[in-house]
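Student: Below is the structure I would like to discuss, written out as structure tokens.
The values are calculated or read from the model by the stated rules, or taken from the named source; none is laboratory data. This structure is a prediction, so every number in the text was calculated from the model and none was measured. Every residue, glycine among them, receives a Cβ derived from its backbone with ideal geometry; neighbour counts consider all protein chains shown. What goes into the accessible areas is simple: the full protein's heavy atoms, side chains included, and nothing from ligands, DNA or RNA. Shrake-Rupley method; radii C 1.70, N 1.55, O 1.52, S 1.80 Å.
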Amino acid sequence: MKIIVCVSIVPDSTTKVKISENGRSIDSSDVSYILNPYDEFAVEEALKLKEKNGGEVIAVAYGTDRSKEALKKSFQMGADKGVLIKSADDNFDSYTVAKNLSEYIKDQNADVILFGKQSIDFDGLLVPSMVSEILNLPCISVVVKLEIDNGKVKAEREIEGGKEIVESSLPVIIGAQKGLNEPRYPNLKSIMAAKSKPIEEVSNFYSGNKADIIDMKLPPAKSGGKIFTNGKEDIPELVRLLREEAKVI
Amino acid sequence: MSNKILAFIESKDGKFKNSAFEVITEALKIAEDSGSELEVLTIGSGLESEINELSVYGAKKIKIVDLNILNKKYDGGEIKYSPSAYAKVISEIAKNAEANIIILSATSLGKDLVGRIAVKTDSAVFNDCIDIKLSDGKLTASRPVYAGKSIIDINSSSEKIVMTLRPNVFKPEKTENSSIETENTDIENLGISGSDFSTVVTDVIVSNEKLDVAEADKIVSGGRGLRGPENFNLIEDLAGSIGAATGASRAVVDAGWRPHSEQVGQTGKTVSPSLYIACGISGAIQHLAGMSSSKCIVAINKDKDAPIFQIADYGIVGDVFDIVPSLTEEFKKVLSN
């Protein structure tokens, strides 16, 4: 089974965002970049599929050299190969990412193409479904359970207040949600092995963002909250304020 | 600027979702500001008796694609939903109507469809919008990124745009009651075939009857301060007293006390309810990111220096085991009067 897992880097979730001087992106100077947390579920699922069915796991990233971090972490978890499609800069939208990934994926004859359901920076959930339309492949997003048997795909997809049972066939695109599996921690052996795995670099296939960021700002700061310190005694006053001042009860 | 806007609205169990009215209200505003015509589209069955609900919000024309007829194009048995087929239907109807702007809600379904529709119609995506402005015929949308740690304004040079609206942000507004024209849309000329059903939903499992945090107008969340899963009945009782959904911090979800579907924050759900009550949650930056855009935030924590108090509108410094049950009683008392 040939498995592609598409990975990306994001600022660590503890990052306090600062806006850069251009006013359209974050100041990345003090930011530590990590493998997108949802991509860990995708890599883990790819490795499990390989363990069950044989084959290989190819991690693919689109971005600048910084994105190699995502491939290195994928190697440490156990991916066999890594491919970086090199972007000219950091200014790309979901459509550009989807176009570049699609261009690479289309000739690979992969059986399963996994993604994290979304990256935790722009939270779009767009790339897997865009790739599916560009390549005319089925796609199941927000997947918490995946079964592949004889070319048939059965998945559970998380929705508001429940789950959908989704059926499809191979080749398939999957967007992994937390709960799909427990991502493995790289051990010393796999970390050492990762060091000798080369990253194949591929040049950019497509440029041409469809949407442009024209401004980025911090959300309005809150201040002057009413904080009570007398415990239970303050509850009637709190409830009165919620009803009469905030008008939310 | 387009002279047609297509709004896609959702129903559940034979009723339109609240997000449907949000979408209609905002789409109507954009239509009026730009001198465009609004068409509303839904896919479903048995909605006839609910159509008048839409006219209350100013919709004048609704196209209905009968789900049962759509399903006949699929030869694998009865299905509940198919993202591939829905995306095709919406895209083809938009093309036929020459609608350059398509608006959906950023629900599970809307998020599933928007990327597909964008590729099929060659549109730019403005997703998860919290504000939309129109000036000189050009749309600018605001949306949170980094789970709300910052907000971006986006526009596009593309003529065609498909956008999703974050649920619970745009308030439905009733208008003068007008009549509504219903069109049962014939799908025969849309070119739908079996191959459009490459992904199908055969069943839906309702895991609980409770409201999901992503859709709730009020949320009560619990964190590590609850000390164990057995104490979350306090959170459920408080939520129950005001009709709120229950949420949770990442720490308690990772510990297995609560399901991931309840997690609020950067690796969970980003929410903007009118009331958010955080109980025993200290306020890690990734949690604050997911809920700081809530309109009214109430924090209950025994640590007066907890970061959650810095973004709270109201707070009580105290033990959750002491405060939460009393707050539940007080809510019950005032709401029964």
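Student: With a Förster radius of 41 Å, plug the Cβ-Cβ distance of residue B:98 and residue A:136 into 1/(1 + (r/R0)^6) and report the FRET value to the nearest 0.05. Spell out each step's value before the answer.
Tutor: Numbers: r = 25 Å, r/R0 = 0.60.
That pair, residue B:98 with residue A:136, gives E of 0.95.
Student: Kindly state, as a whole number, the per residue volume in cubic angstrom of the convex hull around the alpha carbon atoms of the protein assembly as shown.
Tutor: Details: hull volume 92.3 nm³, N = 586.
Once divided by residue count, the hull of the protein assembly as shown is 158 Å³.
Student: Residue by residue through B:153-160, how many Cβ atoms from other chains fall within 10 Å of the Cβ on average?
Tutor: Values: counts 7, 9, 5, 6, 4, 5, 0, 1.
Rounded to a whole number, the mean comes out at 5.
Student: Now a separate question. Determine the sum of side-chain charges near residue A:127: Lys and Arg each +1, Asp and Glu each -1, restricted to other residues whose C-beta is under 14 angstrom from that of residue A:127.
Tutor: Summing Lys/Arg as +1 and Asp/Glu as -1 gives -2.
Student: Per residue, how many Å² of accessible area does chain B show with a 1.4 Å probe?
Tutor: Working: 12650 Å² over 337 residues.
Per-residue value: 38 Å².
Student: Simple spin-label model, 7 Å along Cα-to-Cβ: residue B:157 to residue A:52 in nm?
Tutor: That separation, rounded to one decimal, is 4.7 nm.
Student: Want the number for residue B:33 to residue B:334: 0.36 nm per residue separation, take away the alpha-carbon distance, what's left?
Tutor: Working: separation 301, 0.36 × 301 = 108.36 nm, distance 4.26 nm.
The residue B:33-residue B:334 span can extend by a further 104.1 nm.
Student: Next question. Taking a quarter of the surface of the convex hull around the Cα atoms of segment B:12-141, what do you get in nm²? Could you put the intermediate results ahead of the total?
Tutor: Numbers: hull surface 32.5 nm².
One quarter of the hull surface, i.e. the mean projection, equals 8.1 nm².
Student: Something else about it: For residue A:233 and residue B:255, what is the calculated FRET efficiency with R₀ set at 35 Å and r taken between the beta-carbons, to the nearest 0.05?
Tutor: 0.60
Student: Using Cα centres only, tell me the gap between segment A:1-35 and segment B:194-244 in whole Å.
Tutor: Centre-to-centre (Cα) distance: 29 Å.
Student: Okay, next question. Report, in deg cm²/dmol and to the nearest 500, the calculated mean residue ellipticity at 222 nm for chain B, where each DSSP H run with n ≥ 4 adds -39500 (n - 2.57) and the sum is divided by the residue count.
Tutor: Numbers: 10 runs with 99 residues, N = 337.
Result for chain B: -8500 deg cm²/dmol, rounded to the nearest 500.
Student: So, with a 1.4 angstrom probe, what is the percent of accessible area on the protein assembly as shown that is carbon and sulfur? Each step should come with its number before you reach the end.
Tutor: Details: 10890 of 23860 Å².
That share works out to 46 percent.
Student: Please compute the Cα-Cα pair-distance distribution of segment A:52-138 with 10 Å bins starting at 0, giving whole percents from short to long.
Tutor: Values per bin, smallest distances first: 16, 50, 32, 2.
Student: Okay, next question. Can you tell which of A:188, A:49, A:101 shows the greatest fluctuation in a Gaussian network model of chain A with Cα springs below 10 Å?
Tutor: A:188
Student: Another one. What whole number of Å gives the distance from the Cα centroid of segment A:158-210 to the Cα centroid of segment A:84-137?
Tutor: That distance is 11 Å.
Student: Report, as an integer, the average count of C-beta atoms from other chains found within 10 Å of each Cβ along A:9-20. Present the calculation step by step, with values, prior to reporting the outcome.
Tutor: Values: counts 0, 2, 3, 3, 12, 4, 6, 4, 8, 2, 1, 0.
What the average comes to for A:9-20 is 4.
Student: Report the residue, chosen from A:130, A:77, A:192, that carries the largest GNM mean-square fluctuation when chain A is represented by alpha-carbon nodes joined by springs under 10 Å.
Tutor: A:192
Student: Using just the helices of chain A, give the 222 nm mean residue ellipticity in deg cm²/dmol: DSSP H runs with n ≥ 4 each add -39,500 (n - 2.57), and the total is spread over all residues, rounded to 500. Write down the numbers at each step before the final one.
Tutor: Details: 6 runs with 66 residues, N = 249.
Theoretical 222 nm ellipticity from helices: -8000 deg cm²/dmol.
Student: Report, in cubic angstrom per residue, the convex hull volume of the C-alpha atoms of chain B. It would help to have the intermediate numbers written out before the result.
Tutor: Details: hull volume 50.0 nm³, N = 337.
Expressed per residue, the convex hull around the Cα atoms of chain B is 148 Å³.
Student: With only Lys, Arg, Asp and Glu charged, each at its Cβ (+1 for the first two, -1 for the last two), find how big the charge dipole of the protein assembly as shown is about the Cα centre; round to the nearest 20 debye.
Tutor: On the way: 70 positive and 86 negative charges, 227 e Å.
About 1100 debye.
Student: Here's another thing I want to ask about it. Taking the mean number of other Cβ atoms within 10 Å as a proxy for protection, how do you rank B:308-315, B:173-180 from highest to lowest?
Tutor: B:308-315, B:173-180
Student: Right, something else. Could you compute the net charge surrounding residue B:51? Neighbours are other residues with a C-beta less than 15 Å from the C-beta of residue B:51; K and R count +1, D and E count -1.
Tutor: Residues close to residue B:51 contribute a combined charge of -3.
Student: Another question, if that's okay. What is the log10 of I(q)/I(0) for segment A:175-249, computed with the Debye formula using one identical point scatterer on each Cα and no solvent, at q = 0.15, 0.19, 0.28 Å⁻¹?
Tutor: Log-scaled intensity ratios, in q order: -0.90, -1.03, -1.30.
Student: I've got another one for you. Report the net charge of residues surrounding residue B:185, where surrounding means a beta-carbon distance below 9 angstrom and charges are Lys +1, Arg +1, Asp -1, Glu -1.
Tutor: On the way: positive: B:63; negative: B:66, B:183, B:186.
Within the 9 Å Cβ shell, the charges total -2.
Student: Shape of segment A:101-249 from its Cα gyration tensor (a ≥ b ≥ c, root eigenvalues): rounded if a/c is under 1.5, otherwise prolate when a/b > b/c, or oblate?
Tutor: Numbers: a/c = 2.11, a/b = 1.94, b/c = 1.09.
Prolate, because a/c is 1.5 or more and a/b exceeds b/c.
Student: Can you bin every Cα-Cα distance in segment B:1-41 into 10 Å intervals starting at zero and give me the percent of pairs per bin, rounded to whole numbers?
Tutor: 32, 48, 18, 3
Student: With each label point set 7 Å from Cα along the Cα-Cβ vector, what nm distance links residue B:231 and residue A:150?
Tutor: The two pseudo-label positions are separated by 5.2 nm.
Student: Quick one, can you get me the convex hull of the C-alpha atoms of segment B:122-274 expressed as volume per residue in Å³? Please list the in-between numbers first.
Tutor: On the way: hull volume 33.7 nm³, N = 153.
Cα-based convex hull of segment B:122-274, divided per residue, equals 220 Å³.
Student: Additional query: Would you mind getting me the FRET efficiency between residue A:103 and residue B:224? Use the beta-carbon distance for r and R0 = 51 Å, nearest 0.05.
Tutor: Values: r = 46 Å, r/R0 = 0.90.
Efficiency, rounded to the nearest 0.05: 0.65.
Student: Further question on the same structure: Counting only DSSP beta bridges with both residues in chain B, tell me the antiparallel percent, nearest 5. Walk me through the numbers before you get to the answer.
Tutor: Details: 13 of 60 bridges.
Given both bridge residues lie in chain B, the antiparallel proportion sits at roughly 20 percent.
Student: Among DSSP bridges having both ends in the protein assembly as shown, what percentage is antiparallel? Round to the nearest 5. Present the calculation step by step, with values, prior to reporting the outcome.
Tutor: On the way: 42 of 121 bridges.
Given both bridge residues lie in the protein assembly as shown, the antiparallel proportion sits at roughly 35 percent.
Student: Arranged from highest to lowest average of other beta-carbon atoms within 10 Å per residue, in what order do the peptides B:114-126, B:292-304, A:222-234 appear?
Tutor: Ranked from most to least packed, the peptides come out as B:114-126, B:292-304, A:222-234.
Student: Roughly how crowded by other chains is peptide B:210-218, in terms of the mean Cβ count from those chains within 10 Å of each of its Cβ atoms?
Tutor: Other-chain Cβ atoms within 10 Å of each residue's Cβ, averaged: 2.
Student: Using the alpha-carbon centroid of each, what span in Å lies between segment B:24-86 and segment B:245-309?
Tutor: If you average the Cα positions of each part, the centres end up 35 Å apart.
Student: Considering only A:102, A:29, A:129, give the residue with the highest GNM mean-square fluctuation for chain A, with springs between Cα atoms whenever their separation is below 10 Å.
Tutor: A:29
Student: Distances longer than 14 Å among the Cα atoms of segment A:97-141: what percent of all pairs is that? Before the final figure, lay out the partial values.
Tutor: On the way: 434 of 990 pairs.
In whole percent, the long-distance tail amounts to 44.
Student: Taking the simple approach of a point 7 Å from Cα along Cα-to-Cβ for both residue A:31 and residue A:12, what is their distance in nm?
Tutor: Placing both labels 7 Å beyond Cα along the Cβ direction yields 1.4 nm.
Student: What's the Kirkwood radius of segment B:203-254 in Å, using all Cα pairs? Before the final figure, lay out the partial values.
Tutor: Working: mean 1/r = 0.0854 Å⁻¹.
Taking every pair of different Cα atoms in segment B:203-254, averaging 1/r and inverting gives 11.7 Å.
Student: Can you bin segment B:223-310 into rounded, prolate or oblate? Criterion: square roots of the alpha carbon gyration tensor eigenvalues sorted a ≥ b ≥ c, rounded for a/c under 1.5, prolate for a/b above b/c, oblate for the rest.
Tutor: Working: a/c = 1.17, a/b = 1.12, b/c = 1.05.
Note, shape of segment B:223-310 comes out rounded.
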